[in-house]
Amino acid sequence: MKTPEQLLLNKIRKKFNKGTTDFGMLEDGDRILIGLSGGKDSLCLLQFLAERSRIFKPNISIEALHVRMGNIQYESDASYLEEFARSHGVPLHIITTSFDEEGLRDKPACFLCSWYRRKALFRFALDNGFNKIALGHHMDDILHTTLLNLFYEGTFSTMPAVMRMEKMPLTIIRPLCLVHEADIAQLAQLLDYHKQNKTCPYEKASKREDMRQIYEQMEKANPEIRYSIWRALQKEGKLT
């Protein structure tokens, strides 16, 4: 009889494989850079992409990048990340960036932090010959983003499972797009993923956190709401 850990791993693996296959995320010769924040989602992503990279076809290679933000005390244990990546056979790079704090007058800290981390990730990928960047967003992230865009932008859109950049030779992939956050949280507990040393001071004061709470209320009213939103996104071609 399989253990709870094995059952959960198989459940996530099935959704991971379906997501990468349905959206054609992996191609022979891909060099993929994983954005490793140090949170449970990116650790899960690294674990399953590392496993997938050991399968012969398609032949892919993966490395990971952890970007530190000098301005904000949002910190992961670098030694743990290095050991985690090493245990899965994935080379890890760590760099530090920062942003002009004067920008806080016009933009929220979350926006600036995310923007400059992403900018550093793109630059590293371009400078080192990667053609794809893998991010750890799961299905719940995609659904919450849909609500954010509806509430604040007046558009029906989201972060796609696959996004080909227009101005640079990079493709963004989200291999956990079909995985539920609750399953990742359970896996993190079973496998004892280490939590970040310091969490973001702005984490609980963002529009995204508001959407999370609104979504949870919607799901109580209709437990199938995630699939209704997902089908609508697919129908409108918003996931690619």
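Taking the condition of being in contact (Cβ under 8 Å) with a residue 12 or more places away in the chain, closer than 27 Å to residue 123 by Cβ and not in a loop (DSSP other than H, G, I, E, B), how many residues in segment 145-162 meet it? I'd like the intermediate steps shown before the answer.
We begin by selecting, within segment 145-162, every residue in contact (Cβ under 8 Å) with a residue 12 or more places away in the chain; these are 145-148, 151-152, 156-162.
Of the ones still in play, those that are also closer than 27 Å to residue 123 by Cβ are 145, 148, 157-162.
Now narrow it down to the ones that are not in a loop (DSSP other than H, G, I, E, B): 145, 148, 162.
Qualifying residue count for the region: 3.
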Can you find a residue that is within 24 Å of residue 171 (Cα to Cα), within 18 Å of the chain's Cα centre (by Cα), modelled with pLDDT of 95 or more and surrounded by fewer than 16 Cβ atoms within 10 Å (Cβ to Cβ) anywhere in segment 52-59? no
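Check whether at least one residue in segment 142-151 is out of contact with any Pro (no Cβ under 6 Å at 6 or more places or on another chain), loosely packed, with under 14 Cβ neighbours inside 10 Å and polar (S, T, N, Q), and report yes or no.
Step one: filter segment 142-151 for residues out of contact with any Pro (no Cβ under 6 Å at 6 or more places or on another chain), giving 142-151.
Filter once more, keeping what is loosely packed, with under 14 Cβ neighbours inside 10 Å: 151.
Narrowing the set further to residues that are polar (S, T, N, Q) leaves none.
No, segment 142-151 contains no residue that is out of contact with any Pro (no Cβ under 6 Å at 6 or more places or on another chain), loosely packed, with under 14 Cβ neighbours inside 10 Å and polar (S, T, N, Q).
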For segment 199-223, how many residues are modelled with pLDDT under 85 and loosely packed, with under 11 Cβ neighbours inside 10 Å? 1
When you scan segment 9-17, do you find a residue that is touching a strand residue (DSSP E or B) at 6+ places or on another chain (Cβ under 6 Å) and within 27 Å of residue 160 (Cβ to Cβ), even just one? no
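Residue-wise test of (1) more than 17 Å from the chain's Cα centre (by Cα); (2) β-branched (Val, Ile, Thr); (3) farther than 24 Å from residue 188 by Cα.
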residue	(1), (2), (3)
87	yes, no, no
98	yes, no, yes
112	yes, no, yes
115	no, no, yes
127	yes, no, yes
136	no, no, no
162	no, yes, yes
171	no, yes, yes
I need the full set of residues from segment 9-29 which are crowded, with 18+ Cβ neighbours inside 10 Å and either under 17 Å from residue 54 (Cα atoms) or not charged (D, E, K, R) (or both), in order please. 9, 12, 16, 19, 20, 23, 25, 26
Among the numbered criteria (1) modelled with pLDDT of 95 or more; (2) buried (at least 19 other Cβ atoms within 10 Å of the Cβ), which one does residue 113 miss? (1)
Subset of segment 116-137, residues closer than 13 Å to residue 37 by Cα and either in a helix (DSSP H, G or I) or small (Gly, Ala, Ser) (or both), comes to 117, 118, 120, 121, 134, 136
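The values are calculated or read from the model by the stated rules, or taken from the named source; none is laboratory data. Not measured: the values here are computed from a predicted model. All Cβ positions, even for glycine, are placed from backbone atoms using ideal geometry, and neighbour counts span all protein chains on display.
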